[in-house]
Structures are given as structure tokens and as C-alpha cells.
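Report on the following structure.
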Amino acid sequence: MEALRWEWRTFGDRFGGAEERLGPLGDPAESDEAYLLSVDGIDAVKVRDGLMDIKHLEQVDDDGLQLWNPVMKSPLPIPAADAGVVLAALRVSVPLDRDRYGIDELVGDEVRAVSVHKTRRHCTIGGCMAELTDLRAGDRSTRTIAIESEDPARVIAAVRELGLGSRPNVSVPQGLRTLI
């Protein structure tokens with residue numbers, strides 16, 4: 001599993017001079033993903049490349065940085081025990097009555113699947129990975145800038161260097177709920 005990392009992300013159509021300050025961006029990487037959302041869930045639960053992927057929000061520090069812990073990357077269909085982890089991450093309680101679960105078996109009254117197309121470009125700033133992403137869900141679209149590292153001081157320094165310190169830190173699940 002990947003290491004815990006501190007992340008700062010914001011959503012919007014434009015980011016002023018921040019995009020220019022990012023410097024040269026890598027080639028675009030495209031992906032189609034499905035995020036599972038619930039009313040009370042704060043963890044990032046998605047399916048990409050046939051894998052159920054969960055990142056648990058461990059804490060938010062005084063600067064608003066979010067510490068994310070990757071807790072699952074399992075091929076679909078997932079066993080019932082993993083389905084229980086998914087539902088716990090979404091903060092919903094649904095009886096589990098089968099041995100294996102695909103995405104369709106996890107979606108219901110309390111869980112919604114949102115298909116998302118992403119075009120991501122990466123670079124490095126201040127020793128952190130930076131990502132500029134165009135995100136589309138149905139007929140709605142937005143952009144995000146994310147800064148992440150295992151070192152929270154580097155993340156906040158990079159956010160300030162980009163001139164984005166006054167913008168809110170918004171997780172992907174939170175941003176998607178707002179978008180849709």
C-alpha cells in the first residue's frame with residue numbers, strides 16, 4: 001500500500017497565476033473512474049482500472065491540510081469483508097448477503113456512483129507532487145489543483161508559493177458532491 005500523504009486540493013474554473021507558477025506540466029493522463037458517494041462519507045472511495053480504491057481521511061491539521069491513508073486496492077468483484085470496509089468508509093450500514101460485490105451491488109438508496117472522466121497533468125513544486133486536473137461528471141465539469149507530499153510543511157509552502165493559501169482545501173468526494 002502507498003504511504004500516508006498530506007494533501008491540499010481546491011476546485012474551480014480558473015486559478016489565476018497559479019497555473020503559470022506550476023511550471024512545465026507533464027503529458028496528460030486520462031482516466032475513467034467511478035466514485036462512490038454517500039451523504040455522510042468523507043473517505044475517497046473509487047473504482048479505477050477494475051480496482052476498488054479507498055483512501056481514509058486520517059486527520060486535518062491546523063493549516064487545513066488533509067492526511068490521507070490508502071487502505072484498499074482490491075480487484076472487483078470484492079469479497080464481502082472488503083464490501084464491509086467500503087460501506088464503513090461511506091458511513092452507511094447495509095446488510096451484506098452475498099460472497100462477492102461489484103459496484104452495482106454496492107449502489108443503492110444510500111450510495112451513489114458518479115462516473116468521472118479525468119485529464120491529469122503532473123509536475124513538481126517545492127518538493128511536492130502537483131496535479132492540475134480537468135474533471136467531468138456527466139454534463140458538468142470543473143478543474144482542480146492538488147499538492148501532496150509526506151511532509152506537511154512542504155505542502156503548505158507550495159500552496160502559498162502558488163498564491164492559493166486563501167482558497168479552501170476540498171477533497172474529491174466533497175468537490176464531486178458540490179459539482180453534481
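Just so it is clear, none of the values below were taken in a lab; they were calculated from the coordinates. None of these values were measured; they are calculated from a predicted model. Positions of Cβ are backbone-derived with ideal geometry, glycine not excepted, and every protein chain shown enters the neighbour counts.
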So what J values fall out for segment 133-138 if you push phi through Karplus, 6.51 cos²θ - 1.76 cosθ + 1.60 with θ = phi - 60°, rounded to Hz, Gly and Pro as x?
10, 8, 10, 10, 10, x
Using the Cα centre as the reference, give the magnitude of the dipole from point charges on the C-beta atoms of the chain (Lys, Arg: +1; Asp, Glu: -1; all else neutral), rounded to the nearest 20 debye.
380
How large is the dipole of segment 110-155 about the Cα centre if only Lys and Arg carry +1 and Asp and Glu carry -1, each at its Cβ, rounded to the nearest 20 debye?
260
Name the lysines eligible as straight-distance cross-link partners of K73: C-alpha to C-alpha under 16 Å, and not fewer than 8 places from it in the same chain.
K46, K55
Trypsin sites (Lys or Arg not before Pro) in segment 1-81 lying in a DSSP loop, each with at most 13 other Cβ atoms within 10 Å of its Cβ, come to R14
For a quick check: with amide H placed at 1.01 Å from N, whose amide H comes under 5 Å from D151's, ignoring anything fewer than 5 positions away on the same chain?
W6
Only sites in a loop by DSSP and with at most 10 other Cβ atoms within 10 Å count here; which trypsin sites (Lys or Arg not before Pro) in segment 138-180 make the cut?
none
Gain on full stretching of the segment that runs from L96 to C123 - 0.36 nm per residue minus C-alpha separation
5.5 nm
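So what is the relative contact order of segment 1-75, in percent, for Cα pairs below 8 Å that sit 6 or more residues apart?
For segment 1-75, the relative contact order is 35 percent.
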Using a Förster distance of 25 Å, the FRET efficiency for D40-L67 (Cβ separation, nearest 0.05)
0.80
